[in-house]
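Data block below; observations after.
The values are calculated or read from the model by the stated rules, or taken from the named source; none is laboratory data. Here the structure is a predicted model, which is why all the values come from computation and not from measurement. Neighbour counts run over all protein chains shown; Cβ positions are idealised from the backbone, glycine included.
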Amino acid sequence: MALVQIENVSKTYQTGEVQVTALHDVTLSIDEASFVTLVGPSGSGKTTMLNLIGCLDKPTKGKIFVGKEQVDAFDRRQRAAFRGSTLGFIFQAFNLFHVLTTYENVEYPLVMIKNESISKRKEMVLKVLESVGMLDQKDKFPDQLSGGQKQRVAVARALVTRPKLVMADEPTANLDKKSAVNVIRLMRAMRDEFKTTFIFSTHDPGVMEEAEVIHALEDGRLLDPKHSPTFVQEEKK
């Protein structure tokens with residue numbers, strides 16, 4: 001069953017007197033509990049697509065459904081509420097609060113978004129920290145963690161609210177090769193455990209090999225999946 005349905009979506013930005021089309025008439029379906037990567041060179045439209053699905057932006061034309069909700073029709077307040085209740089985000093720069101411990105960073109979305117008791121929050125945070133192998137680091141601050149550990153905390157934070165969909169824009173860009181593969185495998189394990197759909201972007205060939213479903217973009221257009229795009233062939237050489 002499809003969780004995300006994108007129908008004839010285009011996105012155009014105005015830069016001074018110049019119009020730049022970041023996506024051209026994209027139609028795409030993503031199933032529940034799937035593990036999907038968007039691949040393509042810089043400027044291909046990967047981040048734009050993630051932003052549209054994640055209710056961080058609106059398409060110029062076309063429709064986007066997440067579950068039963070037509071998210072492109074939401075106003076700003078509705079988009080914010082939907083992000084808090086349904087979506088999770090993982091960033092390449094980790095975006096952890098340096099003054100908060102690992103535990104507090106993961107707890108933060110529950111404090112801001114969900115009306116949970118302190119005891120329930122503790123239960124949820126400890127469970128997800130154990131799942132990502134960071135329970136023994138719960139009292140450490142981000143500056144005391146490695147890059148791979150920080151991204152594990154970011155994965156835990158994205159999952160603690162039990163979202164239906166998690167989006168990650170180049171989540172391994174700041175990691176070494178071994179840590180990058182470990183983080184992607186961790187995300188896939190979390191998909192298996194929580195049945196959460198993951199959509200992430202990358203241009204890393206090592207990460208591409210870990211994906212289950214690949215959608216390739218080039219110049220804002222979704223490429224035919226039957227044809228291996230040139231940039232993917234070049235990266236894997």
**Request:** Within region 40-68, work out how many residues are within 21 Å of Met190 (Cα to Cα) and either surrounded by 17 or more Cβ atoms within 10 Å (Cβ to Cβ) or among the hydroxyl-bearing types (Ser, Thr, Tyr) (or both).
**Result:** 4
**Prompt:** Across region 11-38, which residue is nearest to the chain's Cα centre (by Cα) among those that are surrounded by 16 or more Cβ atoms within 10 Å (Cβ to Cβ) and among the small types (Gly, Ala, Ser)?
**Reply:** Ser34
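Under the condition of being within 21 Å of Asn51 (Cα to Cα) and surrounded by fewer than 21 Cβ atoms within 10 Å (Cβ to Cβ), which residue from region 171-187 is farthest from the chain's Cα centre (by Cα)?
Asn174
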**Item:** Conditions (1) assigned to a helix (DSSP H, G or I); (2) out of contact with any Leu (no Cβ under 7 Å at 6 or more places or on another chain); (3) surrounded by fewer than 22 Cβ atoms within 10 Å (Cβ to Cβ); (4) modelled with pLDDT under 95: number failed by Gln149
**Value:** (4)
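Test Glu107 against the criterion of being over 27 Å from Thr47 (Cβ atoms) and either surrounded by 15 or more Cβ atoms within 10 Å (Cβ to Cβ) or of a type in the set (S, T, N, Q) (or both), and give yes or no.
Against the criterion (over 27 Å from Thr47 (Cβ atoms) and either surrounded by 15 or more Cβ atoms within 10 Å (Cβ to Cβ) or of a type in the set (S, T, N, Q) (or both)), Glu107 qualifies.
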**Prompt:** part of a loop (DSSP other than H, G, I, E, B), within 28 Å of Pro41 (Cα to Cα) and at pLDDT below 95: does that describe Pro171?
**Reply:** yes
**Fill in**
Within region 177-211, the count of residues that are at pLDDT 90 or above and assigned to a loop (DSSP other than H, G, I, E, B) comes to 2
**Request:** Go through (1) over 29 Å from Ser42 (Cβ atoms); (2) under 13 Å from the mean Cα position of the chain (by Cα) and name the single condition Ser201 misses.
**Result:** (1)
**Message:** Looking at region 122-141 only, could you name the residues that are touching a residue at least 40 places away in the same chain (Cβ under 8 Å) and either among the polar types (S, T, N, Q) or buried (at least 18 other Cβ atoms within 10 Å of the Cβ) (or both)?
**Reply:** Ser131, Val132
**Request:** Mind counting the residues in region 35-61 that are out of contact with any Phe, Trp or Tyr (no Cβ under 9 Å at 6 or more places or on another chain) and within 15 Å of Val9 (Cβ to Cβ)?
**Result:** 10
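Quick check on this structure: which one of Val4, Val71 is of a type outside the set (Gly, Ala, Ser) and either in contact (Cβ under 8 Å) with a residue 24 or more places away in the chain or within 18 Å of Asp169 (Cα to Cα) (or both)?
Val4 is the lone residue from the list that is of a type outside the set (Gly, Ala, Ser) and either in contact (Cβ under 8 Å) with a residue 24 or more places away in the chain or within 18 Å of Asp169 (Cα to Cα) (or both).
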